[in-house]
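The values are calculated or read from the model by the stated rules, or taken from the named source; none is laboratory data. The structure presented is a predicted model; accordingly, all values stated were derived computationally and were not measured. Don't worry about glycine lacking a Cβ; one is built from the backbone with ideal geometry, like all the others, and counts go over all protein chains shown. All accessible areas refer to the heavy atoms of the entire protein, side chains included, with ligands and DNA or RNA removed. Shrake-Rupley method; radii C 1.70, N 1.55, O 1.52, S 1.80 Å.
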Amino acid sequence: MEKIQEVQQDGLKAIEECSNLEQLNQVRIDYLGKKGHVQSLMALMKDLSKEEKPVFGQKVNVCKQTLTAALEQKQEVLKVEALKNQLVKEKIDITLPGYKPVVGTVHPLMMIQQELEDLFVGMGYSVAEGPEIELDLYNFERANLPKDHPARDMQDTFYITPQTLLRTHTTAIQMRVLEASKGQLPIKLICPGKVYRRDDDDATHSHQFMQMEGLVVGENITLADLKGTLKFFAQKMFGEDREIRFRPSYFPFTEPSVEVDVTCHMCGGKGCPVCKHTGWIEILGAGMVHPNVLEMSGFDSKKCSGFAFGIGLERVAMLKYGIDDIRNFYTNDVRFLKNFNRFD
Ligand code: DAH
C-alpha cells in the first residue's frame, strides 16, 4: 500500500514539474506505459493473498486513474501555454516600416520607341522588324550600295563574314520589306531596331544605337507627302509650334536625299547653345526611294514612288529630355533611369 502511495505521489509531483508537452509525455510513459511504475505495482500482486489482491488491485486502479486525470489536466494547461508561446514567437511588429518593392522602369529609348510607334500607327503605318545579324545584300547591295561603293565608308561596319554583318542601319529592314512585298502596293511601315557601327564611343557616338526607319511606297507619293509627314512627327515629338526644313543631302538609297532640321525646342529658333546658335537642329535623314532600289526589289519605278526616312532614337531622346551623353542610355545607371519612372 505504501508503494502505491509512493508511486502516486511521485507521479503527481513529476506531472506538476513538467514544463512542456514533451516532458509530460515522458512522464506518461514512465508511469502509465507498459513498463511503467503502475504496471510494476501490478506485478507485486502475485505475492499477495487471495483476500488482499482485490483490495490492492482497486488501489492501483485508483492510483492509475488519479495519474491519468492529472496528466490530462496538465496536458490542457501546457497546450494553452504552448499556443501562447507560439503566438508570442510569431508576433509581427506591424509598426515597423516595410520594404518598398523596387519596380523597374521603362527605358527612355523604349519610351521614345513606343511614342513613335503610337504616332505612326495612328497614321496607318504597320511596324516591321528584321534581324540584327544581316546579309550584306540587304544592308548594302539592295540599298544601292554595291561592293566598293565609296559611300560604304559612311558606315564603318562590323563584318562577321564577307557576306554577313551587324546591320549598320534599319534601312536593311526596308530592303527586306520591299522584297517580301513582291511588288504589292501600298507599303506603309516603320521599322525600329538596334544598329551597329565601328565607332569609338564618346558623348555623341555609340557602337550600338537605335534607329527607326520609315517607308511609304505607292502611286503618286511625293516629297510633299514626306514633308507633311515629318512636320507632323516633329510637332508631336517636340511641340506644336515646331517648323522643319529640308537641306539637300546624299544617301545612295534615296534621290533626292535630304537632311531634316527642326526649329530648336530650347530657344524656339532664336539661337542658343543647344542649336549652336543656328536656331535649327538636325534630326534625321530622308528622301525619295531611289528608282534603283525599287527596281532591284521588283517594283516598277515608273508606276510607283515612295519616301523613306531614318530617325535616330537616341538623338530624339537626347533632344527631348535634354540628355548630353549618349552613353547614359547604355551604362544603365539607375540614378539616370529613375528620372524616367512614369510611376513615381
Ligand atoms: N540609313 C541612314 C543612316 O543610317 C538614314 C536614312 C537616311 C534612312 C535617308 C533613310 C533615308 O531611309 O531615306 O544614316
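Here are some notes:
- Residues (among the acidic types (Asp, Glu) and within 11 Å of the ligand (Cβ to nearest atom)) located in the stretch 201-218: Glu213
- Considering the conditions (1) open to solvent by 20 Å² or more (accessible area, probe 1.4 Å); (2) free of Cβ contacts under 8 Å to residues at least 40 places away in the same chain; (3) out of contact with any Asp or Glu (no Cβ under 7 Å at 6 or more places or on another chain), Glu259 is excluded by exactly one of them, (3).
- Annotation note: Cβ proximity below 7 Å between a residue of the stretch 151-163 that is part of a loop (DSSP other than H, G, I, E, B) and a residue that is basic (Lys, Arg) and open to solvent by 80 Å² or more (accessible area, probe 1.4 Å) (sequence gap 6+ or interchain) occurs for Asp156/Arg198; Thr157/Arg198; Phe158/Arg198.
- Per the conditions (1) surrounded by 14 or more Cβ atoms within 10 Å (Cβ to Cβ); (2) of a type in the set (Val, Ile, Thr); (3) modelled with pLDDT of 95 or more, the sole criterion not satisfied by Thr105 is (3).
- Residue ID - surrounded by the fewest Cβ atoms within 10 Å (Cβ to Cβ), chosen from residues in the stretch 304-344 that are basic (Lys, Arg) and in contact (Cβ under 8 Å) with a residue 24 or more places away in the chain: Arg342
- Within the stretch 1-20, being open to solvent by 50 Å² or more (accessible area, probe 1.4 Å) and not in a helix (DSSP H, G or I) holds for Met1, Ser19, Asn20.
- Qualifying positions in the stretch 194-232 - modelled with pLDDT under 95, closer than 21 Å to His265 by Cβ and open to solvent by less than 40 Å² (accessible area, probe 1.4 Å): Ala203
- Selection status of Gln23, in a helix (DSSP H, G or I), over 15 Å from Cys63 (Cβ atoms) and open to solvent by less than 100 Å² (accessible area, probe 1.4 Å): yes
- Filter result for Leu71 (over 60 Å from the mean Cα position of the chain (by Cα), surrounded by fewer than 16 Cβ atoms within 10 Å (Cβ to Cβ) and in a helix (DSSP H, G or I)): no
- Long-range neighbours under 6 Å by Cβ, at least six apart or interchain, first residue farther than 21 Å from Leu189 by Cβ within the stretch 97-120, second open to solvent by less than 60 Å² (accessible area, probe 1.4 Å): Thr105/Leu337; Thr105/Phe340; Thr105/Asn341; Pro108/Ala317; Pro108/Phe340
- Of all residues in the stretch 144-200, exactly one satisfies the criterion of being within 12 Å of the ligand (Cβ to nearest atom), among the polar types (S, T, N, Q) and more than 25 Å from Ser301 (Cβ to Cβ), namely Thr157.
- All positions within the stretch 133-143 that are open to solvent by less than 40 Å² (accessible area, probe 1.4 Å) and more than 14 Å from the ligand (Cβ to nearest atom): Asp136
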